[in-house]
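First up is the structure itself, then whatever we jot down about it.
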Amino acid sequence: MSDWAFVATGLALAGFVYGWWRKPPGAGKRSYLSWIMAFIFAAPIGSLLLANLFGSAVLGWIFGLSLMFVWPLAILFIAGNAAGALLAQRNQHNNHNDSSDSNKHESPMLHIRIDRDSVHAGDDTVSHAENIAVPANTSLASLLEQIRVGNFLPSISGGKATWMIESSGSPFKTIGVLAQQWQEPCVIIDAAVDVAQHFAGQQANLFFRYRCQIDPDTVLAQLQASYTNSISQTPTHGYGGIASLAKHASYLRSLMNPGSDRC
């Protein structure tokens with residue numbers, strides 16, 4: 001490769017790199033690149049005219065050579081810059097489209113109201129209700145785990161506390177048990193279902209009923225037995241299903257309120 005070809009290739013590559021990495025001017029700002037290029041082209045012509053005006057052969061020869069060499073080299077740089085800028089804009093446009101498509105496929109958010117029992121007399125001075133928003137495709141298990149680790153439920157001295165999970169999205173109301181001493185909640189219904197499907201057509205509410213230090217395994221076993229019994233006795237239609245659900249609800253009330261003391 002000749003020296004001139006090497007220089008020409010280098011200028012074209014330099015222009016390409018500059019066009020690729022150059023940040024476009026922001027709103028209200030002007031790019032000075034066009035003015036610089038205009039000067040490169042106009043300066044030799046203006047200088048040549050001045051040399052002819054003053055009758056200087058030396059200056060005319062120098063500026064004539066600049067027209068022969070500077071212009072072609074500048075054109076190579078400009079061409080490389082234009083190619084680099086064009087590819088950068090196309091790449092930015094594709095990234096913007098990909099981002100827009102990704103946003104379109106994001107799951108909509110579902111707003112859920114969560115509340116809990118008070119754990120002692122001084123705990124009921126303020127409301128415990130909170131509103132949280134989660135993607136609608138979040139599983140019920142993930143939602144409960146998020147609540148468990150999010151310190152919504154108070155930490156009870158001694159490390160033991162039992163909570164019954166009530167949901168407006170289930171006809172059985174009480175859907176599981178959460179215990180402070182457990183690593184994860186236990187749910188008696190399908191916990192893999194999306195929250196959007198679980199709360200379909202219902203106001204999304206979760207309530208955590210405090211059962212003090214009652215053995216959570218015992219509460220869960222009783223809840224599962226009641227749930228299994230209700231399912232086995234629930235016909236696909238008719239008043240039998242309603243009666244079975246009512247029986248299940250009555251059993252849960254006795255489980256949650258054994259006498260005057262809830263615990």
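The values are calculated or read from the model by the stated rules, or taken from the named source; none is laboratory data. The shown structure was predicted, so the numbers you read here are calculated from the model rather than taken from an experiment. No Cβ is skipped: glycine too gets one built from the backbone with ideal geometry, and neighbour counts run over all protein chains shown. Ligands, DNA and RNA are stripped out before the accessible areas are found, and what is left, the full protein with its side chains, is counted by its heavy atoms. Shrake-Rupley method; radii C 1.70, N 1.55, O 1.52, S 1.80 Å.
Observations on the structure shown:
- Under-5 Å amide H pairs with Ile175, H placed in peptide plane, nonlocal only: Ile165, Glu166, Ser167
- Mean Cβ neighbour count within 10 Å, used as a protection proxy, ranking 199-212, 122-135 highest first: 199-212, 122-135
- Accessible area of region 112-181 divided out per residue, in Å², using a probe of 1.4 angstrom: 44 Å²
- A viscosity of 0.890 mPa s and a temperature of 25 °C, combined with the Kirkwood radius over Cα pairs in Stokes-Einstein, give a translational diffusion coefficient for region 136-209 of 195 µm²/s.
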